[in-house]
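The values are calculated or read from the model by the stated rules, or taken from the named source; none is laboratory data. On a predicted model such as this, the values are computed, not experimentally measured, just so you know. Don't worry about glycine lacking a Cβ; one is built from the backbone with ideal geometry, like all the others, and counts go over all protein chains shown. With ligands, DNA and RNA removed, areas are computed over all heavy atoms of the protein, side chains included. Shrake-Rupley method; radii C 1.70, N 1.55, O 1.52, S 1.80 Å.
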Amino acid sequence: MAGLVVAGLATLVAWPASTPPVLGPNGLPAAGGIAELASVRLGGVDQAVMIRAADPDKPVLLYLSGGPGQSDLGSARALLEPLTADFVLAVWDQRGSGRSYAALDPTASVTLEQAVADTIELSEHLRDRFGEQKIYLLGESWGTTLGVLAVQDRAALFHAYIGSGQMVSQRETDRIIWRDLLAYADRTGNGPMYDQVLSLGEPPYRDMPWANSVVLGYYPLLEASYAPPAAYIERGNGSGIGPFGVLASEYAFIDKANVIRGLIDMFSLMYPQLQEVDFRTDVPALEVPVYILDGAHELASRRDLALEWFEALSAPHKDWITYEDAGHSAVFEEADAFHRLMTESIVPATYRK
C-alpha cells in the first residue's frame, strides 16, 4: 500500500501541465489553432503565458488577472473560450502568481512599477510574435489597475483598453466597504459582525491578507441578489477546475499549491503599494479608446468611483457598457455578450492590422 501511495504521488508530481486544444465549429481541434502554455522572459525572469486561438492571424487580446496574485489560467480558458474563435487570447500568470510563482524571488522586484513594465514587455512580445501593430488590453479587477497604468505609459501599443470590475482607488474602495459593512451590521443588529469588522480598523488593513479575506466573505451582504446568465453557470459547473481553478489541467502538481501561495504572497506584497493610487487624480486622460464593462450588481464602493473617474476621463472614445445580470466579474459572467461587443463594435471601430 505504501508503495502504491508513493507511486501515485510520484505520478502526480511528474504529470505535466497542459491546455486542451481549441475546438472549431465542428467540435474538432481547429486546424492551425494554438493551445499552448508558454514561458516568456519578462523583466529578467521567466513568466507563464497561456495562448489560445482558433486562428493565429486574428487580433491579439491580452487578459490581465485580478488579485493581486490571482492566477486565472483555468478560469479564463473555461469562461472566456468564446473569444478564441475571433482572437488570439493570451492569459498571463503575473510575476509571483500561479505558474510564475518562482518569479516572486527576489521580493524586492515585486513592485507596481515592475508589474507595469512586465505588462508592456509582454504586450511588445505578443505584438511582435503575431505580426500586429497593436494589441487589445483587457483588465479584470486588479488587472484594471495594471492595465490603465500600462496604457498611460505606452498607449501606442494598444488598439483599446477594456476594463471589467474597474478599480480606481483601492484605499477609498476599501474604506467605503468597511463603513458599509459596519452600517449593515448596525442596521440588522448583528453585534458579532459589527465588532469583528470594527476590530479590523479602518483601511488600509494592517493584518493582511486575513482582514481582507474576512471582509471579502461579507461582500454578498452588500450585493443585491441577481441571476448570472445560464451560459456562465453552465461553463463554470462543467469546467471541473475547482476552487480558485486549482484542478485545471493548466497547473502541474506544484502549480496547484502555488496558485494559493501566490495569491497570499503577492497580495501581501502589492496591496500596500496600491494605497496611493487614485485614477481620479493620477489618470485624467488616456490616449486610446476606453470601454468599461459595468456589472449592475457591482459593489457601490467600486462602481461609483469608476463612474466618477470615467465621466471625467479624456479619451479619443469611451463607452460605459452596463450588464444587468453581472457583478464584479462582468467579462466572465457576460462572456458571450462581450464577444459580440468586441466583434461587432470595438474591433470594427479600432482595429488596424
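Among the listed residues Arg303, Arg261, Arg340, which satisfies the condition of being open to solvent by 50 Å² or more (accessible area, probe 1.4 Å), within 20 Å of Leu79 (Cα to Cα) and assigned to a helix (DSSP H, G or I)?
The unique qualifying residue is Arg340.
Are any of the residues in the stretch 276-286 among the small types (Gly, Ala, Ser) and part of a helix (DSSP H, G or I)?
Within the stretch 276-286 (the criterion being among the small types (Gly, Ala, Ser) and part of a helix (DSSP H, G or I)), the answer is no, since none of the residues qualifies.
For the stretch 196-211, check the following and say yes or no: at least one residue is closer than 17 Å to Gly69 by Cβ and in a helix (DSSP H, G or I).
yes
Exactly one of these conditions fails for Leu274: (1) of a type in the set (A, V, I, L, M, F, W, C); (2) touching a Leu at 6+ places or on another chain (Cβ under 6 Å); (3) under 23 Å from Val151 (Cα atoms). Give me its number.
(2)
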